[in-house]
Amino acid sequence: MQTVMITGGAGFIGANLIRFLLESETEVEIVNLDKLTYSGNLGNLTEVMEHPRHCFVKGDIGDRKLLRELFAKHRIAGILNLAAESHVDRSIDDAAVFVQTNVLGTQALLAEAMAAKVERFLQVSTDEVYGSLGAEGKFSEDTPLSPNSPYSASKAGADLLVQACHHTYGLNTVITRCSNNYGPYQFPEKMIPLMINNARQGLPLPVYGDGMQVRDWIHVLDHCRAIWAAFCRGRSGQVYNIGGDSERTNLEVVRTILRILGQPESLISHVRDRLGHDRRYAIDASKMERELDWRPAVDFETGLAETVNWYREHADWLDQVVSGDYQNYYRRMYEGR
Ligand code: NAD
Ligand code: DAU
């Protein structure tokens with residue numbers, strides 16, 4: 001039996017990763033450390049909360065005393081760090097907590113991991129650290145870091161700290177940089193679940209600017225498989241890009257969601273653009289394929305239709321997450337756009 005710590009395990013990708021590992025890896029025990037911020041939700045883990053190989057701990061990755069206690073109590077072989085403030089628009093509104101969690105939190109986790117002699121540290125990063133592309137080309141692992149938003153700047157800062165710990169202290173590290181995820185349990189501040197939630201209620205769909213920005217969409221389970229492959233078999237000190245090979249404009253995605261839900265395109269409402277909006281992301285994931293024999297398996301249109309159906313079938317989950325604070329957030333972010 002091997003025990004790993006997954007941070008941010010009550011969030012979108014973390015919860016999918018925990019479900020995936022409990023099902024597919026019978027020899028893995030998980031300590032799930034999550035602060036339960038607005039996007040952390042134990043409702044994402046309902047069926048696995050009491051699983052004998054899952055131990056949930058409410059706490060902050062920046063709390064060094066707690067980390068020391070956890071490393072003393074559990075024999076943690078490796079850490080998969082997913083905990084983060086993850087939404088670009090919120091970082092434009094107020095960057096402080098992004099620096100606190102994404103940079104200082106990662107630093108605290110690195111320091112305590114080294115003190116406890118943890119054997120492997122995987123940092124879940126993002127393609128946004130590379131900045132924005134023109135009409136041609138893709139991000140490779142050698143593309144220089146050029147983050148544009150406070151969110152991506154904080155993630156790039158974390159990546160550099162991870163690399164510094166590898167270089168300076170010999171910590172066994174891997175960094176993964178993935179493109180835009182979609183799938184079950186995503187908080188509806190992100191474009192796809194936000195549009196599904198609005199469309200199901202016949203509300204306007206707020207498309208930023210001209211809607212011709214391009215994202216490379218990947219199903220969250222393909223990302224989870226890639227993270228685990230990189231954790232188990234990635235070379236120490238290396239970066240691995242992960243992408244879905246599914247570039248779509250935002251307008252294409254929104255129109256597809258409306259078509260699946262049988263709603264009219266007249267619901268599309270062009271609103272003020274995001275400040276500093278990155279125009280295009282595209283990932284060259286050939287290193288993952290070459291070295292780790294990984295490639296995305298879920299076709300985007302099939303995955304999106306399944307995802308829309310998942311939110312339709314889990315209306316209770318969606319109703320719960322958009323109640324309360326979400327309404328205040330939505331009014332603050334979208335009013336006057
Ligand atoms: P999310 O916002 O859904 O989940 C983040 C989780 O981290 C939440 O459960 C939250 O409670 C927890 N958290 C926040 N601050 C914490 C702290 N200080 N201590 C402990 N827990 C804390 O985000 P997500 O979309 O699941 O993203 C997970 C990771 O993947 C992030 O590191 C993000 O940068 C990265 N990533 C996301 C995408 C994407 O498309 N969503 C793509 C590439 C990389
Ligand atoms: O590329 C990986 C990144 O993808 C992750 O690192 C981030 O954590 C994740 O949030 C995501 O960032 P984006 O900014 O690309 O995702 P978001 O869902 O916020 O937006 C996707 C696109 O849709 C982007 O071009 C902005 C646009 N958009 C978004 C929202 C929320 C709209 O047009 N309207 C909206 O209301």
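So how many residues does segment 106-152 have that are more than 25 Å from Tyr169 (Cα to Cα) and either outside the structural domain of Ala15 (by TED's automatic domain parsing) or in a strand (DSSP E or B) (or both)?
1
Residue by residue through segment 273-288, note down the ones that are in contact with a Gly (Cβ under 8 Å, 6 or more places away or on another chain) and part of a loop (DSSP other than H, G, I, E, B).
Asp273, Arg274, His277, Asp278, Arg279, Ala282, Asp284, Ala285
Can you tell me which residues in segment 138-188 are out of contact with any helix residue (DSSP H, G or I) (no Cβ under 7 Å at 6 or more places or on another chain) and either within 16 Å of ligand 2 (Cβ to nearest atom) or at pLDDT below 95 (or both)?
Answer for segment 138-188, where residues must be out of contact with any helix residue (DSSP H, G or I) (no Cβ under 7 Å at 6 or more places or on another chain) and either within 16 Å of ligand 2 (Cβ to nearest atom) or at pLDDT below 95 (or both): Lys138, Ser140, Asn148, Ala153, Asn180.
Residues Glu306, Glu291, Glu301: which one is free of Cβ contacts under 8 Å to residues at least 12 places away in the same chain, away from ligand 2 (no atom under 16 Å from the Cβ) and in a helix (DSSP H, G or I)?
It is Glu306.
Say we look at segment 117-137 and pick out the residues that are of a type in the set (A, V, I, L, M) and more than 24 Å from Leu17 (Cα to Cα); which of these is nearest to ligand 2 (Cβ to nearest atom)?
Leu133
Restricting attention to segment 91-122, which residues are surrounded by 24 or more Cβ atoms within 10 Å (Cβ to Cβ) and over 14 Å from Ala153 (Cα atoms)?
Selection gives Gly105, Leu109, Leu110, Ala113, Phe121, Leu122.
Which of (1) of a type in the set (Val, Ile, Thr); (2) under 25 Å from Asp325 (Cα atoms); (3) within 11 Å of ligand 1 (Cβ to nearest atom) does Thr176 not meet, given it meets every other one?
(2)
Taking the condition of being among the aromatic types (Phe, Trp, Tyr) and buried (at least 22 other Cβ atoms within 10 Å of the Cβ), how many residues in segment 1-30 meet it?
Going through segment 1-30 one residue at a time, the tally reaches 1.
Only one of these is in a helix (DSSP H, G or I), out of contact with any Phe, Trp or Tyr (no Cβ under 6 Å at 6 or more places or on another chain) and within 13 Å of ligand 1 (Cβ to nearest atom): Leu21, Leu17. Name it.
So the residue among Leu21, Leu17 that is in a helix (DSSP H, G or I), out of contact with any Phe, Trp or Tyr (no Cβ under 6 Å at 6 or more places or on another chain) and within 13 Å of ligand 1 (Cβ to nearest atom) is Leu17.
Considering only residues that are away from ligand 1 (no atom under 14 Å from the Cβ) and among the acidic types (Asp, Glu), look in segment 95-136 and name the one that is farthest from the chain's Cα centre (by Cα).
Glu136
Any residue in segment 318-334 that is of a type in the set (Phe, Trp, Tyr) sitting within a Cβ distance under 6 Å of a residue that is at pLDDT 95 or above? List the pairs, counting only those 6 or more apart or interchain.
Tyr334/Pro206
Answer yes or no: is there a residue in segment 188-206 that is crowded, with 19+ Cβ neighbours inside 10 Å, under 19 Å from Arg295 (Cβ atoms), touching a residue at least 60 places away in the same chain (Cβ under 8 Å) and of a type outside the set (A, V, I, L, M, F, W, C).
Looking through segment 188-206, none of the residues is crowded, with 19+ Cβ neighbours inside 10 Å, under 19 Å from Arg295 (Cβ atoms), touching a residue at least 60 places away in the same chain (Cβ under 8 Å) and of a type outside the set (A, V, I, L, M, F, W, C).
For the subset of segment 189-208 comprising residues that are in a helix (DSSP H, G or I) and over 19 Å from the mean Cα position of the chain (by Cα), which member is nearest to ligand 2 (Cβ to nearest atom)?
Only one residue fits best here, namely Asn198.
State which residue is farthest from ligand 1 (Cβ to nearest atom) when the search covers only segment 31-89 and only residues that are surrounded by 15 or more Cβ atoms within 10 Å (Cβ to Cβ), within 20 Å of Val220 (Cα to Cα) and charged (D, E, K, R).
Only one residue tops the list, namely Glu85.
The values are calculated or read from the model by the stated rules, or taken from the named source; none is laboratory data. These numbers come from a predicted model, not from an experiment. Reconstructed Cβ throughout: ideal geometry from the backbone, glycine too, with neighbour counts over all protein chains shown.
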